[in-house]
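Following: one structure in structure tokens, then a few remarks.
The values are calculated or read from the model by the stated rules, or taken from the named source; none is laboratory data. Being a predicted model, the structure only gives us computed values, none of them experimental. Counting neighbours? That spans all protein chains shown, and the Cβs are built from the backbone with ideal geometry, glycine included.
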Amino acid sequence: MIIKILGSGCKKCLALEANVKAALSEADVKAEVEKVTDFVDIARYGVMSTPGLVIDEKVVSSGRVLTPPQISALLPTA
């Protein structure tokens, strides 16, 4: 699984990244977490409001900082 955090590296983007890592740890799920900071790449996902969250190339959230439980609910189940 590949999870991407879309954003410039602002406070909200960093908070979302921390929450993603917390959710993965709590769920004991292995995933690669990538940061996408290039606005052209972000726009390719159709995200106009950051931070954005992409799981396996599907945009699941934009413009808000999800909590670890909200992120856990979005993770694919094995």
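Within the stretch 38-60, the set of residues being surrounded by 15 or more Cβ atoms within 10 Å (Cβ to Cβ) and free of Cβ contacts under 8 Å to residues at least 24 places away in the same chain comprises just one member, Val60. For the stretch 4-21, the criterion of a residue being surrounded by fewer than 19 Cβ atoms within 10 Å (Cβ to Cβ) and in a strand (DSSP E or B) is satisfied by no position.
Table: residues versus (1) touching a strand residue (DSSP E or B) at 6+ places or on another chain (Cβ under 8 Å); (2) at pLDDT below 95; (3) within 25 Å of Thr77 (Cβ to Cβ).
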| site | (1), (2), (3) |
| --- | --- |
| Ile3 | yes, no, yes |
| Lys12 | no, no, no |
| Ala18 | no, no, yes |
| Val33 | yes, no, yes |
| Arg44 | no, no, no |
| Glu57 | yes, no, yes |
| Ser61 | yes, no, yes |
| Arg64 | no, no, yes |
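Mind checking which residues of the stretch 22-33 are surrounded by 15 or more Cβ atoms within 10 Å (Cβ to Cβ) and within 13 Å of Val54 (Cα to Cα)? Listed by number, the list holds a single entry, Ala31.
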